[in-house]
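The values are calculated or read from the model by the stated rules, or taken from the named source; none is laboratory data. Fair warning: this is a prediction, and the values are worked out from it, not measured in the lab. Cβ placement follows ideal geometry from the backbone for every residue including glycine, while neighbour counts extend to all protein chains displayed.
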Amino acid sequence: MSAMGRQRWLGPAMFLPAVLYVVALVGVPFVLAFLYSVGDVKVGSVGYHFVGLHNFKSVLQSPTFLRSLRNSFTFTIASQVLVLIGANILALALKNPFPGRRFVRFLILLPWVAPVSIGSIGWKWILDSLYSVINWVLIRMHLVNEFSPPMYLGEPKLAMASVILVHAWHMLPFSTVILLAGWTAIPKDIPEAAAVDGAGFFRRLFQIQLPMMLPIINVAVLFGVIFTFTDMTVVYILTRGGPYDTTQVLPSLAFFTGILGSDLAEGAAISLFLVPVLALVAWLMLRSAHRAEVT
Amino acid sequence: MAIVQTRGLTKVFKKGEFGAVNDVNLESREGEFLVLLGPSGSGKTTLLRMIAGLEEPTSGEILIGGRVVNDLTPRERRIAMVFQSYALYPHLTVLGNITFPLKAQGTPKAEREKKALWAAGLLGIPHLMHRKPRELSGGERQRVALARAIVREPSLFLLDEPLSNLDAKLRASARTELEQFQKRMGTTTIYVTHDQVEAMAMGDRVAVMNKGSVRQIGTPAEVYDEPADTFVATFLGSPPMNLLEHGKVIVGFRPEHFFPVTHLAGQAAVPADIRAAERVGPYVPLKFRIGHEEYLGAERILYGELDGGAFDSKTAICRMSSTHGASFPAGSVHAFAVREGDLKFFDRETGTRTSRVPLV
């Protein structure tokens, strides 16, 4: 084969494994989920009957689904707001050198590199109804009643707050690293010029630095939304969606319905409700990536 | 308008290390254009940043308008600074950039826009008001940075190599413009540069810095004609001053003061001005062996060695007008001379100026 001929095949050949990977592990399950959602498939069933939008109808009539849908948005938005504020503060603090900065950076990365299950189990004990260290401290400080301390995972509002906090804790390092890169990319001259121009700390932060950071903040938020909206680990380990489905989110509901409840078709229908949100986020991401290239 | 003084100003970045700025005592004059000139690493930018309040001095005092400002933030010093990179705010339009300092001091909106238009008008950029910095050329960005600096009518301008990002042609015209602009505004200005042409052309006075201290401060003519030490003597002038060791002193003379004796008669007969006439005096004859010649259009530069006498085989440079038509082939030896009045004497140990000593 001539050199030109080889050249022509080399590119596609190098590219092929990636295409196969995406088709086999993303494309096929996606098509399958779509087919399941308009069929009557259960775990162990052999036939397939087309039932149209029946599954979607039944899902939309279920109060648990509507609650999970609402929870998914609460969970995602609240944890992302916490992460965004926390990550910006951390990135600002870590931007300038100080003794021990490397060690502190390592500590902050730890929640991200540690398996989420280990972290969440740790939190499960911290928030436990009997052995909670938080309650132990609060009781000794006489801040809560010794005989009816708060049950962090047992009361609907507290459980939601706990799930959100633990997920935010887990996501924080990732956003911090992205934002830290953004902060270090702002030329030192610009905030200095603003200082000489008479701007105080907050004016510099909100009128100069954060607007300059916006493209990078976008990327961090969009990634965060995807990782949060599709995630069920923290919910599954801490509360299993309880109490009374008050912390149930779409991915965990789909898992409980489709896999544990054997109703594959309805599980598929539930998980397909994630698609429009994720598609929107993906579109926004591609757009902001394109913009970042242009400027 | 205000004057700036520094008293024993010192900045040490790392403990135990040599200071970036060492015990600098400087005083600007009212409305003056003061240039800090020095090679990179001489501490001129650090000095400027300390005056701006962006760097905290290790010791010493800074006074603006007679008031110690050490503990004041940049914003409280009410100065304006133009950065080498211009540091325009990339997400704001030109108008947004120019009005930013006014916004920070709480000027009402209508007033802000009026002043921005005034500043933009002075710099000839009113048509750019709604563009973003990335859509501007280097020269336009520099004007926006200047407009942003003047819009608050500050009492003091600090400029950190504002022309070094422009191409050579633009730089020459921007230099003239900037100088005239400063004269018109009459604002005390401190200007940092490593370019001696900029310093000589623009400065009312030039402070030559090296290794963190001010070696000499004076008018461009003073620092060029009467350098205080060998550093100033060699840093200013291109090619630099010839320095020849002679016993306990170093003898220095500018390449343009070193000329072939054949050239002598004509020059001496028609002194160009009174100072040249005063200098007419006895000559020091020197034999010059030509090494090589650079022809630069308007002038010719001869490199070579002195031959015989007290300065045998010391290298020297001669710079002469190319209207001088004689040819100087490599290797040939010619009779050259320097006027005695053009010789500068420096102490060999310290490098500072010392009194004249007899050469023979």
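Looking at B:P240, B:P227, which is the one that is of a type outside the set (G, A, S), in a loop (DSSP other than H, G, I, E, B) and surrounded by fewer than 17 Cβ atoms within 10 Å (Cβ to Cβ)? Steps first, answer last, please.
Numbers: B:P227 fails: surrounded by fewer than 17 Cβ atoms within 10 Å (Cβ to Cβ).
Result: B:P240 is the single residue among B:P240, B:P227 that is of a type outside the set (G, A, S), in a loop (DSSP other than H, G, I, E, B) and surrounded by fewer than 17 Cβ atoms within 10 Å (Cβ to Cβ).
From B:V69, B:V4, B:V12, grab the single residue that is among the aliphatic types (A, V, I, L, M), surrounded by fewer than 22 Cβ atoms within 10 Å (Cβ to Cβ) and closer than 18 Å to B:P154 by Cβ. Can you show your working first?
On the way: B:V4 fails: surrounded by fewer than 22 Cβ atoms within 10 Å (Cβ to Cβ); B:V12 fails: closer than 18 Å to B:P154 by Cβ.
Residue meeting the stated conditions: B:V69.
Just name the residue that is surrounded by the fewest Cβ atoms within 10 Å (Cβ to Cβ) out of those in region A:179-197 that are free of Cβ contacts under 8 Å to residues at least 60 places away in the same chain and among the β-branched types (V, I, T). Spell out the reasoning first.
Here is the first cut: in region A:179-197, the ones free of Cβ contacts under 8 Å to residues at least 60 places away in the same chain are A:181, A:185-197.
This time we only want the ones that are among the β-branched types (V, I, T), so: A:186, A:190, A:196.
Values: A:I186: 16, A:I190: 20, A:V196: 28.
Only one residue tops the list, namely A:I186.
Restricting the search to region A:195-216, which residues are assigned to a helix (DSSP H, G or I) and facing chain B (nearest Cβ under 7 Å)? Break it down into steps so the answer makes sense when it comes.
Residues of region A:195-216 that are assigned to a helix (DSSP H, G or I), as a first pass: A:195-196, A:201-216.
Correct list: A:A195, A:V196, A:R203, A:I208, A:P211, A:M212.
For region B:79-100, give me each residue that is polar (S, T, N, Q) and away from chain A (no Cβ under 12 Å). Spell out how you get there, then give the answer.
Going through region B:79-100, the residues polar (S, T, N, Q) turn out to be B:84-85, B:93, B:97, B:99.
If the condition is that a residue be polar (S, T, N, Q) and away from chain A (no Cβ under 12 Å), then B:T93 is the only one that fits.
Tally time: how many residues in region B:128-185 are touching a strand residue (DSSP E or B) at 6+ places or on another chain (Cβ under 9 Å), within 14 Å of chain A (Cβ to nearest Cβ) and buried (at least 17 other Cβ atoms within 10 Å of the Cβ)?
Residues that pass the stated criteria total 17.
Of the residues B:S59, B:S42, B:S28, which single one is buried (at least 18 other Cβ atoms within 10 Å of the Cβ), over 26 Å from B:A147 (Cβ atoms) and among the small types (G, A, S)? Spell out the reasoning first.
Numbers: B:S59 fails: buried (at least 18 other Cβ atoms within 10 Å of the Cβ); B:S28 fails: over 26 Å from B:A147 (Cβ atoms).
The match here is B:S42.
Name the residue that is farthest from the chain's Cα centre (by Cα), counting only residues in region B:92-120 that are assigned to a loop (DSSP other than H, G, I, E, B) and modelled with pLDDT of 90 or more. Write out each step before concluding.
Let us first name the residues in region B:92-120 that are assigned to a loop (DSSP other than H, G, I, E, B), namely B:92-93, B:105-108.
Remaining after also requiring modelled with pLDDT of 90 or more: B:92-93, B:108.
On the way: B:L92: 33, B:T93: 33, B:P108: 40 Å.
Among residues in region B:92-120 that are assigned to a loop (DSSP other than H, G, I, E, B) and modelled with pLDDT of 90 or more, the one farthest from the chain's Cα centre (by Cα) is B:P108.
Yes or no, residue by residue, for (1) part of a loop (DSSP other than H, G, I, E, B); (2) modelled with pLDDT of 90 or more; (3) under 15 Å from B:R205 (Cβ atoms); (4) in contact with a Cys (Cβ under 6 Å, 6 or more places away or on another chain):
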| residue | (1), (2), (3), (4) |
| --- | --- |
| B:M1 | yes, no, no, no |
| B:N22 | no, no, no, no |
| B:E30 | yes, no, yes, no |
| B:T46 | no, yes, no, no |
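Please work out if B:T234 is free of Cβ contacts under 8 Å to residues at least 12 places away in the same chain, among the β-branched types (V, I, T) and not in a loop (DSSP other than H, G, I, E, B). Let's see the steps before the verdict.
Numbers: free of Cβ contacts under 8 Å to residues at least 12 places away in the same chain: yes; among the β-branched types (V, I, T): yes; not in a loop (DSSP other than H, G, I, E, B): yes.
It is true that B:T234 is free of Cβ contacts under 8 Å to residues at least 12 places away in the same chain, among the β-branched types (V, I, T) and not in a loop (DSSP other than H, G, I, E, B).
Determine if region B:101-119 includes at least one residue that is away from every other protein chain (no Cβ under 11 Å) and touching an Asp or Glu at 6+ places or on another chain (Cβ under 7 Å). I'd like the intermediate steps shown before the answer.
Restricting attention to region B:101-119, the residues satisfying the condition of being away from every other protein chain (no Cβ under 11 Å) are B:108-119.
Applying the additional criterion that residues be touching an Asp or Glu at 6+ places or on another chain (Cβ under 7 Å) yields none.
For region B:101-119, residues away from every other protein chain (no Cβ under 11 Å) and touching an Asp or Glu at 6+ places or on another chain (Cβ under 7 Å): absent.
In region A:4-48, what count of residues is obtained for those that are surrounded by 11 or more Cβ atoms within 10 Å (Cβ to Cβ) and closer than 22 Å to A:G261 by Cβ?
Of the residues in region A:4-48, 16 are surrounded by 11 or more Cβ atoms within 10 Å (Cβ to Cβ) and closer than 22 Å to A:G261 by Cβ.
Let me spell it out: the conditions are (1) of a type outside the set (G, A, S); (2) at pLDDT 85 or above; (3) under 30 Å from B:G203 (Cα atoms), and B:E278 meets all of them except one. Which number is the exception?
In the conditions (1) of a type outside the set (G, A, S); (2) at pLDDT 85 or above; (3) under 30 Å from B:G203 (Cα atoms), B:E278 misses (2) alone.
Mind counting the residues in region B:46-78 that are at the interface with another protein chain (Cβ under 9 Å from one of its Cβ atoms), within 22 Å of B:S164 (Cα to Cα) and not small (G, A, S)?
Looking only at region B:46-78, we keep the residues that are at the interface with another protein chain (Cβ under 9 Å from one of its Cβ atoms), and these are B:49, B:52-54, B:73-78.
Now narrow it down to the ones that are within 22 Å of B:S164 (Cα to Cα): B:49, B:52, B:54.
In the following step, the residues that additionally are not small (G, A, S) were identified as B:49, B:54.
Count: 2.
Considering only residues that are surrounded by 14 or more Cβ atoms within 10 Å (Cβ to Cβ), free of Cβ contacts under 8 Å to residues at least 40 places away in the same chain and either in contact with a strand residue (DSSP E or B) (Cβ under 8 Å, 6 or more places away or on another chain) or part of a loop (DSSP other than H, G, I, E, B) (or both), which ones fall in region A:115-145? Walk me through it before giving the result.
Of all residues in region A:115-145, those surrounded by 14 or more Cβ atoms within 10 Å (Cβ to Cβ) come to A:116, A:119-120, A:123-124, A:126-128, A:132, A:134-135, A:138-139, A:144.
Now narrow it down to the ones that are free of Cβ contacts under 8 Å to residues at least 40 places away in the same chain: A:126, A:128, A:132, A:134-135, A:138-139, A:144.
A:D128, A:S132, A:V144, listed by residue number.
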